[in-house]
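Novice: Starting off with a structure, shown below.
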Amino acid sequence: MNIFRTKSIEQSIADSDEPGRKLKRSLSIWDLMIMGVAVAVGAGIFSVGAKAAANFAGPAVTISFAIAAVTCALAIMCYAEFATAIPVAGSAYVFTYATMGEVLAWIIGWNLILELFTAAAVIAKYWGIYLSTVFGLMGLDVPPSIPVGGIDLYWGAFLIVAIFTVLLVLGTKLSARVGNVFTLIKIAVVLFVIVVGFSYVKFSNYTPFVPASEPTAGTGAADVMKQSFFGFLTGAAPAQYGTLGIFAGAALVFFAFIGFDVVATSAEEVKNPQKTLPRGIFGGLALVTLLYILVSLALTGMVSYTQLAEVKNPTLTTAFEAVGNTDAAKVIAFGSLVGLTTVIMVLLMGLSRVVLAMSRDGLLPRSLSKTSEKRSTPARLQIICGAAVAIVAGVTKVDLLEEMINIGTLSAFVMVSLGILVLRKKRPDLKPAFRVPFGKVVPWVSAVLCLYLMTNLAVETWIFFAIWLVIGMVIYFSYGQRHSRLNEKFASAKAAVNDAKGDRQTEGDEDEDSFTKV
């Protein structure tokens, strides 16, 4: 049983052209840039920065965003080199399969499912809540949930997931066009927030830029579970702010950059991927980073981080209310709703493409990888993914697992960064259109940074992550390993060799019998 067997790049590309399981190339550089902005600029830009400033980094949250952006950029460089060498659906899963073997590819694919599924469900739930907020600002009392059989049903999650599931079934290009319109609207809202926010900036609020480290209020078991894994390993007492606070803030705001790896899952649907993918991904990342840093500067300049820390769940709205501009809250609420809309669409698409790639290889049921003959989309799989996300978002407290999104993404980033080094060694003949600069330095720095950010996530997140991995390994060894197409090919080849040996042995026995008779 060889669980570290690898799948050749040529075979991955050939499988993407399998009749009944192929996708249509229809996306341009502009589509990819907008897709990256669409999935990254969501409600996170209106909330996660405020939380990081209030509880971890203070005004230095700008540095936290910069660290997260650099970490994301380094990893995305590795993604771009892989994607131009292997332009098929599946992203980090496919890349790992080609370099480090099946079992590690399964782990990364399983983690990507964790990232995309959890993110889609969490954000769909928040979308429903923000929708009720917008109704409230309009003077309408529409609750975010309704009681059904003793369960609070978040109806908004069902609505938005259903709409985009239908759009994605109808075609990737159509859903991209709809996403483009929503993305341009939310960029306009973000620019409004930046311009109005800077009009309230007081430079005294930037002091101290890096607040001194201080212990958190509690010391009980619950505080230990919320403590960073790095602090737990080093025996440090739970604390906030200071230098470690900046990195803890970076681990939190990294959530705002999640999505650029999802863009890489669309490689099989991109026109001229060797040129389009790198340009589209890096163009989107540059725009998003600029917007995030400007928003964080406006936020921490408007009000003191200590004022934000007094609120249980601080957001940009908190800052505008503190300076007396309640009208901006309406714009922010609308922007948050629009922002979340496109995020859900891209995450649903990315989730189906990862599962598609894994099912093509037989690690998940092959029936899931069938595509529509008319529209070349995985219609059946997209509906299954949409239904699962809607149910979990609508009836569970999935928002408690927010950090699981980050750890799933960062683990994939680590494997992709190291995988580039393996790919170059195993296939020096490959000449991808984009190549990560500075030789081995960037991939190693990317892997180390991503791993360090992982250790800055909470202890409880690591516990949930370990449970998820155990479940994944049980599924792999009970189903995936035996049904793997690569395993079937190895088994067929081995059987052929054994048959050939048997035939030669039979011929030898017959010759010996003939000689004996003579």
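Novice: Test Ile420 against the criterion of being free of Cβ contacts under 8 Å to residues at least 40 places away in the same chain and among the β-branched types (Val, Ile, Thr), and give yes or no.
Specialist: No.
Novice: Tally up the residues in the stretch 139-161 that are open to solvent by less than 50 Å² (accessible area, probe 1.4 Å) and not in a loop (DSSP other than H, G, I, E, B), please.
Specialist: Result for the stretch 139-161: 5.
Novice: Identify, by number, the condition in (1) farther than 20 Å from Leu351 by Cα; (2) at pLDDT 85 or above that Thr84 doesn't meet.
Specialist: (2)
Novice: Go through the stretch 365-391 and count every residue that is modelled with pLDDT of 90 or more and either crowded, with 20+ Cβ neighbours inside 10 Å or more than 27 Å from Ser478 (Cα to Cα) (or both).
Specialist: 6
Novice: Give just the number: which of (1) of a type in the set (A, V, I, L, M); (2) over 24 Å from Val189 (Cα atoms); (3) touching a helix residue (DSSP H, G or I) at 6+ places or on another chain (Cβ under 6 Å) does Ile391 not satisfy?
Specialist: All conditions pass for Ile391, except number (3).
Novice: Here's a follow-up. Which of the residues spanning the stretch 432-447 are open to solvent by less than 40 Å² (accessible area, probe 1.4 Å) and either among the aliphatic types (A, V, I, L, M) or modelled with pLDDT of 85 or more (or both)?
Specialist: Those that are open to solvent by less than 40 Å² (accessible area, probe 1.4 Å) and either among the aliphatic types (A, V, I, L, M) or modelled with pLDDT of 85 or more (or both): Val436, Val442, Pro443, Ser446, Ala447.
Novice: Please specify each residue of the stretch 182-218 satisfying the condition of being in contact with a Pro (Cβ under 7 Å, 6 or more places away or on another chain) and at pLDDT below 85.
Specialist: Hits for the stretch 182-218 are Pro215, Thr216.
To keep it simple, each residue is scored yes or no on (1) under 30 Å from Pro273 (Cβ atoms); (2) hydrophobic (A, V, I, L, M, F, W, C); (3) free of Cβ contacts under 8 Å to residues at least 24 places away in the same chain; (4) not in a loop (DSSP other than H, G, I, E, B).
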residue	(1), (2), (3), (4)
Phe434	yes, yes, no, no
Gly439	yes, no, yes, no
Pro443	yes, no, no, yes
Ala447	yes, yes, no, yes
Leu453	yes, yes, no, yes
Phe464	no, yes, no, yes
Ile467	no, yes, yes, yes
Val470	no, yes, yes, yes
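Novice: Then there is this: I'd like the full set of residues that are touching a residue at least 60 places away in the same chain (Cβ under 8 Å) and either in contact with a Phe, Trp or Tyr (Cβ under 8 Å, 6 or more places away or on another chain) or aromatic (Phe, Trp, Tyr) (or both), limited to the stretch 138-157.
Specialist: The answer is Tyr154, Trp155, Ala157.
Novice: Determine, yes or no, whether Gly362 is open to solvent by less than 10 Å² (accessible area, probe 1.4 Å), at pLDDT 80 or above and in contact with a Leu (Cβ under 6 Å, 6 or more places away or on another chain).
Specialist: Taking the combined requirement at face value, the residue does not satisfy it.
Novice: Looking at Thr96, Thr62, Thr71, Thr6, which is the one that is among the polar types (S, T, N, Q), touching a residue at least 12 places away in the same chain (Cβ under 8 Å), part of a loop (DSSP other than H, G, I, E, B) and touching a Leu at 6+ places or on another chain (Cβ under 9 Å)?
Specialist: When all the criteria are applied, what remains is Thr6.
Novice: Have a look at Ser359, Ser336 and point out the one that is within 18 Å of Leu191 (Cα to Cα) and part of a helix (DSSP H, G or I).
Specialist: Step by step, each of Ser359, Ser336 is checked, and only Ser336 is within 18 Å of Leu191 (Cα to Cα) and part of a helix (DSSP H, G or I).
Novice: Select, from Val303, Val346, Val323, the only residue that is surrounded by fewer than 20 Cβ atoms within 10 Å (Cβ to Cβ) and in contact (Cβ under 8 Å) with a residue 12 or more places away in the chain.
Specialist: Val323
The values are calculated or read from the model by the stated rules, or taken from the named source; none is laboratory data. Treat the numbers as computed from the prediction; the structure is a model and nothing was measured. Heads up, the Cβs are rebuilt from the backbone with ideal geometry, glycines too, and the neighbour counts pull from every protein chain shown. Heads up: the accessible areas ignore ligands, DNA and RNA and are worked out on the full protein's heavy atoms, side chains in. Shrake-Rupley method; radii C 1.70, N 1.55, O 1.52, S 1.80 Å.
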